[in-house]
Amino acid sequence: MVKEAWCWIQYAGTTMNAQIKQIMNRLRELSDSDTAVHLRRFFKTGKGEYGEGDRFLGIRVPVIRQCVREYRAISLEYSTELLKSPFHEARLLALLIMVTKYSSAILNAEQKAIYRAYLGNTKFINSWDLVDCSAEQIVGAHLFLRDRKPIYRLVHSESLWERRIGIISTFHFIKRKDFPDTLECARLLLNDKEDLIHKATGWMLREVGKRDINAEEKFLARYYKQMPRTMLRYAIEKFPEKERLAYLHGTK
């Protein structure tokens with residue numbers, strides 16, 4: 001816990017708005033050292049792991065969601081500042097506040113500002129849970145009726161987390177039975193080296209299949225033999241066992 005304490009001192013010692021300090025002090029009050037240890041293991045923060053160096057206060061997600069209701073009125077500027085925190089829970093809180101702001105925004109200009117702030121700070125959206133709680137609701141929602149080229153820029157990014165933002169953002173389209181961009185992004189990610197991308201892509205293909213099994217099966221018929229094993233397993237998770245085994249054994 002020594003490193004955590006030092007990290008806290010460093011962050012608290014920076015120039016912060018009084019409201020941000022209030023939020024960080026509230027999060028510190030809610031922190032739990034045993035939970036922090038568990039979360040560091042769960043989110044793979046060891047050397048060489050995907051979450052290397054991430055810091056946790058030890059606060060469960062339901063508690064963070066309660067804080068969203070308490071602090072949702074803070075400005076976008078302060079939400080963005082909170083997103084730059086070294087603490088995972090503070091970044092999660094910032095993103096959930098931004099999601100709430102986007103969904104309740106009345107003016108297009110407000111939504112555009114949130115979208116831009118989000119994509120302008122992707123280096124802080126650096127864990128699968130941070131992506132999964134926000135990409136669909138902000139990036140996907142914003143681009144649904146707009147030019148979707150930004151999704152392809154994300155999918156082609158060198159950043160693991162930006163690529164995950166790209167594919168997960170299409171969940172917004174999937175829920176509206178709009179599948180072409182998800183399927184094209186899945187094709188582009190077939191040769192990705194990251195397991196977290198395989199999981200995300202397989203998950204999105206499975207969601208397509210829930211709504212249109214023919215669309216998923218058409219994609220699988222063409223690509224299943226070259227799909228990474230994890231991606232394929234996620235995509236066919238809900239298939240009948242006989243059919244699922246046929247895909248896994250390459251005999252479909």
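The values are calculated or read from the model by the stated rules, or taken from the named source; none is laboratory data. Please read these numbers as outputs of a predicted model, since none were measured by experiment. So basically every Cβ, Gly included, is an ideal-geometry build from the backbone, and we count neighbours across all protein chains shown. Ligands, DNA and RNA are stripped out before the accessible areas are found, and what is left, the full protein with its side chains, is counted by its heavy atoms. Shrake-Rupley method; radii C 1.70, N 1.55, O 1.52, S 1.80 Å.
Scanning the range 64-84 for residues that are of a type in the set (A, V, I, L, M), without any contact (Cβ under 8 Å) to a residue 40 or more places away in the chain and buried (at least 16 other Cβ atoms within 10 Å of the Cβ), we see that the one that is nearest to residue 104 (Cα to Cα) is 68.
Confirm whether residue 210 is open to solvent by 60 Å² or more (accessible area, probe 1.4 Å), part of a helix (DSSP H, G or I) and touching a residue at least 24 places away in the same chain (Cβ under 8 Å).
Numbers: open to solvent by 60 Å² or more (accessible area, probe 1.4 Å): yes; part of a helix (DSSP H, G or I): yes; touching a residue at least 24 places away in the same chain (Cβ under 8 Å): yes.
So residue 210 fits the description; yes.
On the basis of being closer than 22 Å to residue 169 by Cβ and within 20 Å of the chain's Cα centre (by Cα), does residue 58 make the cut? Considered against the rule, which asks whether it is closer than 22 Å to residue 169 by Cβ and within 20 Å of the chain's Cα centre (by Cα), residue 58 comes out as no. The set of residues in the range 16-31 being in contact with a helix residue (DSSP H, G or I) (Cβ under 9 Å, 6 or more places away or on another chain) and either of a type outside the set (S, T, N, Q) or part of a loop (DSSP other than H, G, I, E, B) (or both) consists of 16, 17, 20, 21, 23, 24, 26, 27, 28, 30, 31.
Applying the selection to the range 230-252, what residues are among the hydroxyl-bearing types (Ser, Thr, Tyr), outside any loop (DSSP other than H, G, I, E, B) and open to solvent by 20 Å² or more (accessible area, probe 1.4 Å)? Give the steps one after another, and end with the answer.
Residues of the range 230-252 that are among the hydroxyl-bearing types (Ser, Thr, Tyr), as a first pass: 230, 234, 247, 251.
If we keep only those that are outside any loop (DSSP other than H, G, I, E, B) as well, we get 230, 234, 247.
Hits for the range 230-252 are 230, 234.
Within the bounds of the range 86-96, is there any residue that is open to solvent by less than 60 Å² (accessible area, probe 1.4 Å) and either among the acidic types (Asp, Glu) or assigned to a loop (DSSP other than H, G, I, E, B) (or both)? Yes, the conditions are met somewhere in the range 86-96.
Do we have any residue at all in the range 112-129 that's under 18 Å from residue 204 (Cβ atoms), open to solvent by less than 60 Å² (accessible area, probe 1.4 Å) and part of a helix (DSSP H, G or I)? Looking through the range 112-129, at least one residue is under 18 Å from residue 204 (Cβ atoms), open to solvent by less than 60 Å² (accessible area, probe 1.4 Å) and part of a helix (DSSP H, G or I). In the set (1) at pLDDT below 95; (2) in contact with a Cys (Cβ under 7 Å, 6 or more places away or on another chain), the condition left unmet by residue 96 is number (1).
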